[in-house]
Amino acid sequence: MILHSNHIATIQKLAFSQDEIVKVFKSAKQIKQFNDFISNSIDSIEVATDKLIKLANCKNIPFAYLFLPEFPKIENALPDFRADSRDFSPNLQSCIGASKKKQEWFRNYLIRNGYDKFLNGKEIKSNADIIREIKILIDFDSAKKKSKGERFIHIKQALESNNIIVQQSGMSQNQTQKPISITECRGYAIYDEYAPLIFINSNDSSINGKIFTLLHELAHILLKHSGVSSYDFGANEEYQCNEIAGEILIPTNEFTKQWNKNISLENNIKNISTYFNDTASPLAIATKALLTKLTNNDEYQEFKETFLASITKIKKKSGGDYYSNITAANSKNFAKSVIIDTLNGYETYKDAMDLLDIKNIKSFNTLAEKLEVR
């Protein structure tokens, strides 16, 4: 099939990485031809249909889109609570789509096995009610006594034991070529009365940052919200969830007593972090300061931009263990449920591997062993 010059702009917007191009075309000659085409050095190129399909699969779109003179606008897969309201990237869209598929499966699993609805019979009318229920759900009194790493694991496991899917990943569907930038999405929530889901972007290098995001998204769930967050204040939902998460980690009465108006925002953050035994990230403390009007928006935004830039520059030491990453990306309780249903004949291996983003039976069986499912 032939791609012409009027298709170049559409393909350029998809921003294929060199890794993706090499993976699809493989031969040096074809790689050069495609690069020449998208850089406007040549007017047309002939590409085999199977390679076009592979290109489209890299961005999770129909391959026919490559032939359109203009890339069609795709409705965002979830409400957008972010202030800038940019269109979701293809990577984020596909990640949300995969989350919804997991959630639908888990919802049916819970109903079939006789589980009650999430927070069945609880009346939640105010922020105080939400804060109380969150503290119960995460066993907060025990969590705050633990170290940062243990605290995050404790909260995550507590939520999973209440049938909340908690996904932690920095990419879509376990594909390294589909990263999700922390500047685009820190997390999202998808409410369901049986199987609520929270996604945490693991590209946040701060453990306390992940804890704040987890509490922020959990507040969305208790408010029965679904949407993508980034801690902005453009939407009432974000303001309310920031307020709730901040009140849990750093209660206002104690916070305001520790604030020193005669020193800088950065120094206040250091002092307050020490006072609260490092339970909140610097950004969470800055957010609390803005909510309580102890700093202004300009000072807050300047600090936020600097802080986010600093954590995105931190290099990870390694990619981590494959099976630990798969478990975190799926949520342990969800992964175990899929495996159990498959081994008991309720689910096909093909569909199970698709749900878990696993490519072969060997990996499926190894994951089952790691999770002690037999």
#### Entry: Per residue, the convex hull volume that the Cα atoms of region 139-228 enclose (Å³)
95
### Message
Using only the alpha-carbon atoms, how far is helix 297-313 inclined from the longest principal axis of the chain? Give it as 0 to 90 degrees, nearest 10.
### Response
50
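What ranking do 359-365, 333-339, 301-307 get when scored by the average of other Cβ atoms within 10 Å per residue, highest first? Don't skip to the end; give the middle numbers.
Numbers: 359-365: 13.3, 333-339: 22.4, 301-307: 15.1.
Output ranking for 359-365, 333-339, 301-307: 333-339, 301-307, 359-365.
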### Message
For the chain, give me the percentage of DSSP beta bridges that are antiparallel, rounded to the nearest 5 percent.
### Response
60
### Message
Output the 0 to 90 degree angle, nearest 10, between the alpha-carbon long axis of helix 127-137 and the longest principal axis computed from the alpha carbons of the chain.
### Response
70
### Query
Using modelled backbone amide H atoms (1.01 Å from N, in-plane), which distant-in-sequence or interchain residues come within less than 5 Å of residue 295's amide H?
290
### Task
Using a 10 Å cut-off on Cβ atoms, rank the peptides 241-252, 17-28, 262-273 from the highest mean neighbour count down.
241-252, 262-273, 17-28
### Query
At q = 0.08, 0.11, 0.15, 0.20 Å⁻¹, what is the log10 ratio I(q)/I(0) for region 24-180, with the Debye formula run over Cα points and no solvent?
-0.43, -0.71, -1.03, -1.43
### Message
Please give the Cα centre distance for region 18-49 versus region 323-374, rounded to the nearest Å.
### Response
37
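Hey, got the dipole for the chain? About the Cα centre, +1 on K and R Cβ, -1 on D and E Cβ, debye to the nearest 20? Walk me through the intermediate numbers first.
Working: 48 positive and 45 negative charges, 198 e Å.
Computed about the Cα centre, the dipole is about 960 debye.
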### Task
With a 1.4 Å probe and every protein chain kept in, tell me what percent of the accessible surface of the chain is carbon plus sulfur.
48
### Query
Dividing the alpha-carbon Rg of region 175-266 by 2.2 N^0.38 Å yields what?
1.22
### Query
Ordered by residue, what ³J(HN,Hα) values in Hz, to whole numbers, does region 366-371 give under the Karplus form 6.51 cos²θ - 1.76 cosθ + 1.60, where θ = phi - 60° and Gly and Pro are x?
5, 4, 4, 5, 4, 8
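Could you tell me which of the pairs 257/293; 125/332; 100/359 are separated by over 23 angstrom between their Cα atoms in the structure shown? Please report the intermediate quantities before stating the final value.
Numbers: 257/293 14 Å; 125/332 31 Å; 100/359 20 Å.
Listed pairs above 23 Å: 125/332.
Tell me the relative contact order for the chain as a rounded percent, counting alpha carbon contacts under 8 Å between residues six or more apart.
On the way: 456 pairs, mean separation 55.0, N = 374.
After rounding, I find 15 percent.
Provide the packing ranking of 183-189, 345-351, i.e. peptides ordered by the mean count of other C-beta atoms within 10 Å per residue, highest first.
Details: 183-189: 23.7, 345-351: 12.3.
Averaged packing, sorted descending, gives the order 183-189, 345-351.
Is it possible to state the helix-based mean residue ellipticity at 222 nm for the chain, with each DSSP H run of 4+ residues giving -39500 (n - 2.57), the sum divided by total residues, to the nearest 500 deg cm²/dmol? What is it?
Numbers: 18 runs with 201 residues, N = 374.
Per the formula, -16500 deg cm²/dmol.
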### Task
For the chain, find the longest principal axis of its Cα atoms and tell me its angle to the long axis of helix 207-222, 0 to 90°, nearest 10.
90
### region 197-275 versus region 281-301: alpha-carbon centroid distance in Å
10
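Per residue, how large is the accessible surface of the chain? Use a 1.4 angstrom probe and give square angstrom.
Per-residue value: 49 Å².
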### Query
What percentage of all Cα-Cα pairs in the chain are separated by more than 26 Å?
57
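The values are calculated or read from the model by the stated rules, or taken from the named source; none is laboratory data. Just so we're clear, the structure is a prediction, and the values are computed from it rather than from any experiment. Please note: Cβ atoms are built from the backbone with ideal geometry, for glycine as well, and neighbour counts cover all protein chains shown. Quick note on the areas: whole protein, heavy atoms, side chains included, nothing else; ligands and nucleic acids left out. Shrake-Rupley method; radii C 1.70, N 1.55, O 1.52, S 1.80 Å.
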